[in-house]
Amino acid sequence: MSHSIQIAVVGSGYVGLVAAMCFAEMGHQVICVDNDERKVAALQGGDTLIHEHHLPELLERYRNTRVRFTTDLAEATNECSAIFIAVGTPQSDSGDADLSYVEAVASEIARHITSYKVIVEKSTVPVYTNEWIRRVIERNGVNREMFDVVSNPEFLREGTAVADFLHPDRIVVGADSERAAALLSAIYAPLTEGDYYKNEGAIAGCCSTSAPPPLLQTSTKSAEIIKHASNAFLALKISFINAVSNLCEAADANVEQVARGIGLDSRIGPKFLRPGIGYGGSCFPKDVAAFRSVAEQMGVDFSLLSEVEKINVGQKKRFLSKVRSALWTLRGKKLAVLGLAFKGDTDDIRESPAIDLVEMLLAEGCSVVAYDPAAMKRAEAELPASAQMRYASNIDEAAADADALLILTDWPEFAQLDLRKLNATLRYPIVIDGRNLYDPNVMFDHGFTYMSVGRPT
Ligand code: UGA
């Protein structure tokens with residue numbers, strides 16, 4: 001039987017905020033700490049600040065009951081037995097993860113420890129971070145018996161973050177002490193014992209089954225490596241299918257048939273075999289680079305990861321070549337761009353291949369009229385509106401009189417365009433689809449010149 005635990009979550013970014021709200025949903029009392037006063041005020045006022053399913057309803061339900069937002073880490077450390085660190089670990093110039101925020105939080109926590117605490121790394125961090133956190137806390141005068149450091153990596157995806165958190169494939173707890181492992185098991189008990197899924201109002205997962213997830217207990221170092229290795233492996237899978245898609249184009253084969261054919265092998269699996277314009281987002285590019293760098297520092301040859309990155313960059317250039325081959329010269333061409341977010345269902349543009357491509361097109365002298373259902377505000381901060389770069393308020397406005405339409409993000413609504421209307425709206429019926437949202441035969445029947453990824457035109 002699960003019981004309510006006092007939990008602090010430090011950092012209210014994607015992972016921190018989702019973890020805080022989901023712990024509350026699981027029945028715990030949560031203090032969510034951030035040093036950004038404006039963020040804390042916005043969250044207190046009910047603004048989630050990010051576009052994420054279920055987050056507004058959870059914030060509304062719990063912000064004055066089970067979750068408190070504050071800038072006061074001392075108070076949170078005092079009141080809570082488990083303190084999750086979920087601050088950013090951005091990429092530094094060398095490719096390594098910049099762990100200065102993690103270090104700063106660890107020293108600050110150390111200054112306020114007066115009883116036994118479990119400090120949990122939730123941020124994606126390289127192996128050995130756990131040992132550094134332990135050393136930092138000890139250096140700040142805290143006795144080793146007063147705390148443990150645990151690694152509990154998070155595997156949620158943006159866009160489905162809440163459902164992923166509550167319905168994980170597995171929960172990984174890297175703990176070198178039984179006392180700390182027991183606290184983490186108690187925190188996740190509503191999921192691992194299945195009680196949460198029996199609630200009538202439980203948030204559904206992305207898959208149909210809601211079997212309780214297994215909790216895998218490992219050493220802290222193994223847990224740290226599990227997170228980096230998982231993301232690197234998924235990125236590798238994407239680069240692999242992207243390379244195969246290029247081969248399919250050269251051989252006039254169909255990558256969708258090939259992906260299905262290999263994905264039916266249960267050892268390979270069907271997921272993450274969608275070819276496109278390369279992976280982006282705040283995780284894969286950063287984590288592949290960091291994992292490569294960790295291996296390098298430890299004298300391990302992991303040049304496979306450099307190839308993964310090379311294919312990813314090549315995929316954007318290849319898409320640009322497709323635009324060129326459809327339009328001949330690019331200078332002065334007016335292009336409608338659908339999608340700026342790094343993937344559908346998010347307003348996040350970090351490392352978005354769509355943004356990179358728009359920048360490349362602008363550098364080639366094209367003018368761009370872009371539309372994205374959620375990411376335009378963020379995109380405009382990076383690519384200010386100008387005569388060459390415009391933002392449309394809907395799909396029709398973007399497509400009006402354009403020389404071609406480019407699909408760069410897999411938003412569901414971009415897969416349901418009114419093709420008859422689109423043909424009449426564009427100056428030329430040319431669609432270059434970086435996400436394979438349409439059947440080439442249907443596009444041909446509607447009179448389009450249609451190019452996609454790894455499929456015969
Ligand atoms: C990714 C992982 O999927 C999560 O498990 C992990 O927790 C998270 O990183 C993280 O470390 O925080 P996310 O970045 O939200 O999650 O997005 P994904 O859905 O994994 O997509 C990443 C990129 O790969 C996107 O640009 C997407 O368009 C691309 N992608 C994905 C493909 O090109 N093909 C695919 O088949 C799948």
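Every number here is computed from the coordinates shown, using simple stated rules; none is lab data. Treat the numbers as computed from the prediction; the structure is a model and nothing was measured. Every residue, glycine among them, receives a Cβ derived from its backbone with ideal geometry; neighbour counts consider all protein chains shown.
Worth pointing out:
- Using only side-chain charges placed at the Cβ, +1 for Lys and Arg and -1 for Asp and Glu, the dipole size of the chain relative to its Cα centre rounds to 680 debye.
- Ordered from longest to shortest, the equivalent ellipsoid semi-axes for region 163-209 are 24, 12, 6 Å, each the square root of 5 times a Cα gyration tensor eigenvalue.
- Cβ-based exposure ranking for 47, 96, in which fewest neighbours within 10 Å come first: 47, 96
- Extreme residue, positive dipole direction of region 29-87, given options 58, 42, 85 (C-beta unit charges): 58
- Share, in percent, of DSSP beta bridges within the chain that are antiparallel, nearest 5: 5 percent
- For region 1-140, DSSP calls about 5 percent of its internal beta bridges antiparallel.
- Scattering profile of region 90-145 at q = 0.12 Å⁻¹ [log10 I(q)/I(0), Debye over alpha-carbon scatterers]: -0.29
- Translational diffusion coefficient (Stokes-Einstein; Kirkwood radius from C-alpha pairs) of the chain at 20 °C, 1.002 mPa s, in µm²/s: 91 µm²/s
- Between amide H atoms placed 1.01 Å from N, distances below 5 Å from residue 389 occur with 368, all of them 5 or more places distant or on a separate chain.
- In region 365-436, the C-alpha radius of gyration followed by the widest Cα-Cα span (Dmax) gives 12.0, 34 angstrom.
- Karplus 3J(HN,Hα) series, Hz, for region 275-290 with 6.51 cos²θ - 1.76 cosθ + 1.60 (x for Gly, Pro): x, x, 9, x, 7, x, x, 7, 10, 4, x, 5, 6, 5, 4, 5
- Debye log10 I(q)/I(0) for region 6-218, one point scatterer per Cα, at q = 0.09, 0.13 Å⁻¹: -0.32, -0.70
- When the chymotrypsin sites (Phe, Trp or Tyr not before Pro) in region 36-121 are filtered for DSSP coil states and for at most 10 other beta-carbon atoms within 10 Å of their beta-carbon, no site remains.
- Pairs from 310/377; 286/316; 286/377 whose Cα-Cα separation, in the structure shown, is over 27 Å: 310/377
- Straight Cα distances below 24 angstrom link residue 117 to the lysines 221, 227, with same-chain residues fewer than 8 positions distant left out.
- Under Karplus coefficients 6.51, -1.76 and 1.60, residue-wise ³J(HN,Hα) of region 383-394 in Hz, glycine/proline x: 10, x, 5, 7, 5, 8, 10, 10, 10, 9, 8, 7
- Each 10 Å bin, from zero up to the one with the longest distance, holds this percent of the alpha carbon pairs of region 127-206: 16, 37, 28, 16, 3.
- Around the amide H of residue 120, modelled in the peptide plane, lie the amide H atoms of 83, 84, 85, 150, all under 5 Å away and 5 or more residues distant in sequence or on another chain.
- Couplings for region 109-126, taken from phi via the Karplus curve 6.51 cos²θ - 1.76 cosθ + 1.60 with θ = phi - 60°, read 4, 3, 5, 10, 6, 10, 9, 4, 10, 10, 9, 10, 7, 10, 5, 6, 9, x Hz in order; Gly and Pro are left as x.
- Considering all C-alpha pairs of region 221-457, those separated by over 22 Å amount to 54%.
- Fewest neighbouring Cβ atoms within 10 Å first, the residues 222, 239 line up as 222, 239.
- Note on the chain: helix-only mean residue ellipticity at 222 nm, from DSSP H runs of 4+ residues weighted -39500 (n - 2.57) and normalised by residue number, equals -13000 deg cm²/dmol.
- Here the residues 328, 132, 411, ranked from fewest to most Cβ neighbours within 10 Å of their Cβ, fall in the order 328, 132, 411.
- Prolate/oblate/rounded call for region 23-73, Cα gyration tensor, a/c under 1.5 rounded: oblate
- Sites matching trypsin sites (Lys or Arg not before Pro) across region 322-414 that sit in DSSP coil, with at most 13 neighbouring C-beta atoms within 10 Å: 331
- Amide H contacts of residue 68 (H built 1.01 Å from N, under 5 Å, at least 5 apart or other chain): 30, 31, 32
- In region 75-114, one over the average inverse separation of all distinct C-alpha pairs is 11.4 Å, which is the Kirkwood hydrodynamic radius.
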